[in-house]
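Visitor: Structure provided below as structure tokens; questions to follow.
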Amino acid sequence: MARILQPVANYATLQFLINGNWVDSESQEKQGAFNPALGKVIAEVPFGLDEEVTRAVDAAAEAFEGWRNVPVPERLEYLFRMREALERHFQELSTIITQNHGKTIEESEGEMRRTIENVDVAISVAYTLAKGNTLDQIAPGIDETMTKEPLGVFAIVCPFNFPLMVPFWFIPYAIVLGDSIVVKPSEITPVPIQRAAKFIGDEVGLPPGVLNVIHGGRQVVESLIKHRDVKGVTFVGSTPVARHVYRLAGEYGKRAIANGGAKNSVVVMSDADLNHSIPSIVSSFFGNAGQRCLAGANLVTVGEVHDGLMKKFASAASRMKVGNGLEEGVQMGPVVSRKAKERIQGYIESGIGEGAKPITDGRGLRLLEYPEGFFLGPTIFDGVAPEMKLSKDEIFGPVASTLETESLDEAIELINRSTNYGNMANIYTSSGRAAREFRRRVEAGNIGINIGVAAPAAYFPFGGRRDSFYGVLHAQVDTVDFFTDKKVVVSKW
Ligand code: NAD
């Protein structure tokens, strides 16, 4: 067996970070967090009580008064130290991501890079985008000035699939802009952010209360949103919850960014260069075991490319090495939980029932060394019709549903009408004209052209449309306007 990294076997019961102290929860409600390759519990996650949420928000609100007065250059120093801490623990944090989530170590390292990139961008935008504007002499003797001020406490609610990167779409921006935060990690993959917060706490020296972490589920999220001192919430997760969070935030008069689920289409035109495209298509559908909001889900073929593509796609997918993501050479890890595995298998079964044809079927996969792991092989369906659940529902696993079309127009129509998701859409083609048509007419926030996973770098907003996103401002660099408010002063002298 090649390199296998040895992470800590058990992280015990996770604590909360409140006002700079790691504290035990009083809650009796707990849930196990797993290593999905081994099928074993690696931590117990307490579900915070209302009074614990209140304590975390109160600490953040108190810290805000001091933090907003820390000069920007000094706040930047903290971010430089945060960046150093993440680099110093790069390998350990990557290993923990794989241990708790299941993705391969290379994928976790990629996630860590993007995590750090967000700190870099937060550092670089602090001066440029956060600065205001002044207009001298707008009328005789009158000047007008606009400043952007931090608002107070923000809640950061996270999904399981990028346990470090997604929190860092928001954390460094909020902090450098002078806000304070309470992070609510996924209860399924809470360990990576817990460890990162520990390193940040020990090595960055942020004033107590600027960064707080509290675990739990629905109740914690709702208490956070309802708390008087929470000014806004960022949410990334599934569409039904995104909508619920967005509605609740609206009801309580709070700002919200709510990223939802996805059902991304990958269009392959007959003029695509298949030899170059296949590895990228395989990684789009099966990277992260399909548990990426930018994963390919529907493969849409246009014209005669279908037969040749299916042969090559199936052959490349069947050669993928599935296993423990900590082993070298493994290309696809397990899915995150037993429940996820059962749900995905259910979709494969109902797909067969609906009349779609599985040309590879990942259900039979057994790994002798990991009998309890939540593994599935890549599954590719052919003959999927637009009205089937296989093509409509977000499956969030290693399942590709192939739909045939005759023209680019038909493919675009299919993408825009068959589901109401709009996270990402990709096209493989050698025609600039087709690519341009596609980019302009598809209703999705992220477009890939000859790219399998069109993930925007942190210097760009992380888009999303229709049921994949509720709000106006997006994650990453756009949060500069989310975490600050504009104040205009008109003065006459
Ligand atoms: P999820 O919606 O189940 O959970 C997300 C968060 O919401 C968790 O912290 C969870 O504790 C909390 N939560 C769950 N139910 C809640 C409720 N009723 N009220 C309030 N909070 C609640 O999502 P998940 O399974 O952790 O993540 C996978 C989903 O996230 C997929 O749908 C994926 O497409 C999506 N996702 C989207 C993006 C994007 O940018 N659009 C990025 C990553 C993941």
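Visitor: Mind listing just one residue for me: the one in region 178-218 that is within 17 Å of ASN69 (Cα to Cα) and either open to solvent by less than 10 Å² (accessible area, probe 1.4 Å) or of a type in the set (Asp, Glu) (or both) and, of those, farthest from the ligand (Cβ to nearest atom)?
Guide: If we filter region 178-218 for residues that are within 17 Å of ASN69 (Cα to Cα), which is where we start, we get 178-181, 205-211.
Pick out the ones that are also either open to solvent by less than 10 Å² (accessible area, probe 1.4 Å) or of a type in the set (Asp, Glu) (or both) and you get 178-181, 209-210.
Working: GLY178: 25, ASP179: 20, SER180: 19, ILE181: 14, GLY209: 22, VAL210: 21 Å.
Filtering first and then ranking leaves GLY178.
Visitor: When region 126-161 is examined, which residues are found to be free of Cβ contacts under 8 Å to residues at least 60 places away in the same chain and aromatic (Phe, Trp, Tyr)?
Guide: TYR127 - this is the single residue of region 126-161 that is free of Cβ contacts under 8 Å to residues at least 60 places away in the same chain and aromatic (Phe, Trp, Tyr).
Visitor: Please tell me if SER283 is more than 10 Å from the ligand (Cβ to nearest atom) and either in contact with a strand residue (DSSP E or B) (Cβ under 8 Å, 6 or more places away or on another chain) or farther than 25 Å from GLU443 by Cα (or both).
Guide: Numbers: more than 10 Å from the ligand (Cβ to nearest atom): yes; either in contact with a strand residue (DSSP E or B) (Cβ under 8 Å, 6 or more places away or on another chain) or farther than 25 Å from GLU443 by Cα (or both): no.
Criteria not met by SER283.
Visitor: Residue check, ARG81 against (1) of a type in the set (Lys, Arg); (2) outside any loop (DSSP other than H, G, I, E, B); (3) crowded, with 20+ Cβ neighbours inside 10 Å, all met but one. Which one?
Guide: Going through (1) of a type in the set (Lys, Arg); (2) outside any loop (DSSP other than H, G, I, E, B); (3) crowded, with 20+ Cβ neighbours inside 10 Å one by one, ARG81 breaks only (3).
Visitor: For PHE160, are the conditions met, namely being open to solvent by 10 Å² or more (accessible area, probe 1.4 Å) and either away from the ligand (no atom under 16 Å from the Cβ) or not in a strand (DSSP E or B) (or both)?
Guide: Values: open to solvent by 10 Å² or more (accessible area, probe 1.4 Å): yes; either away from the ligand (no atom under 16 Å from the Cβ) or not in a strand (DSSP E or B) (or both): yes.
Judged against the criteria, PHE160 is a match.
Visitor: Can you report the number of residues in region 455-490 which are open to solvent by 30 Å² or more (accessible area, probe 1.4 Å), within 24 Å of GLY132 (Cα to Cα) and in a strand (DSSP E or B)?
Guide: Counting residues in region 455-490 that are open to solvent by 30 Å² or more (accessible area, probe 1.4 Å), within 24 Å of GLY132 (Cα to Cα) and in a strand (DSSP E or B) gives 7.
Visitor: Is one or more of the residues making up region 94-108 in contact with a strand residue (DSSP E or B) (Cβ under 8 Å, 6 or more places away or on another chain), under 15 Å from PRO172 (Cα atoms) and open to solvent by less than 10 Å² (accessible area, probe 1.4 Å)?
Guide: No - not one qualifying residue is present in region 94-108.
Visitor: In addition: How many residues, within region 373-385, are within 27 Å of the chain's Cα centre (by Cα) and either free of Cβ contacts under 8 Å to residues at least 60 places away in the same chain or not in a strand (DSSP E or B) (or both)?
Guide: 8
Visitor: Could you run through region 28-38 and say how many residues are in contact with a helix residue (DSSP H, G or I) (Cβ under 7 Å, 6 or more places away or on another chain) and farther than 16 Å from GLN6 by Cα?
Guide: Summing the residues that are in contact with a helix residue (DSSP H, G or I) (Cβ under 7 Å, 6 or more places away or on another chain) and farther than 16 Å from GLN6 by Cα in region 28-38 gives 1.
Visitor: Kindly establish whether ALA356 is touching a residue at least 60 places away in the same chain (Cβ under 8 Å) and closer than 21 Å to THR301 by Cβ.
Guide: Working: touching a residue at least 60 places away in the same chain (Cβ under 8 Å): no; closer than 21 Å to THR301 by Cβ: yes.
No; evaluated as a whole, the condition is false for this residue.
Rundown of residues vs (1) touching a Ser or Thr at 6+ places or on another chain (Cβ under 9 Å); (2) assigned by TED's automatic domain parsing to the domain that holds GLY209; (3) aliphatic (A, V, I, L, M); (4) within 25 Å of VAL204 (Cα to Cα), yes/no style:
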{"position": "LEU79", "(1), (2), (3), (4)": "no, yes, yes, yes"}
{"position": "ARG88", "(1), (2), (3), (4)": "no, yes, no, yes"}
{"position": "GLU92", "(1), (2), (3), (4)": "no, yes, no, yes"}
{"position": "THR98", "(1), (2), (3), (4)": "yes, yes, no, yes"}
{"position": "GLU117", "(1), (2), (3), (4)": "no, yes, no, yes"}
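Visitor: Given ALA411, ALA400, which one is open to solvent by less than 70 Å² (accessible area, probe 1.4 Å) and outside any helix (DSSP H, G or I)? Before the answer, list the steps.
Guide: Numbers: ALA411 fails: outside any helix (DSSP H, G or I).
The match here is ALA400.
Visitor: Now, a different point. Suppose the filter is more than 10 Å from the ligand (Cβ to nearest atom), of a type outside the set (D, E, K, R) and assigned to a helix (DSSP H, G or I); does ALA249 pass it? Break it down stepwise before answering.
Guide: Values: more than 10 Å from the ligand (Cβ to nearest atom): yes; of a type outside the set (D, E, K, R): yes; assigned to a helix (DSSP H, G or I): yes.
So ALA249 fits the description; yes.
The values are calculated or read from the model by the stated rules, or taken from the named source; none is laboratory data. Given the structure is predicted, the values throughout are model-derived calculations rather than measurements. Note that we place each Cβ from the backbone using ideal geometry, even for glycine, and neighbour counts take in every protein chain shown. Just so you know, the surface numbers come from the protein's heavy atoms only, side chains and all, with ligands and any DNA or RNA stripped out. Shrake-Rupley method; radii C 1.70, N 1.55, O 1.52, S 1.80 Å.
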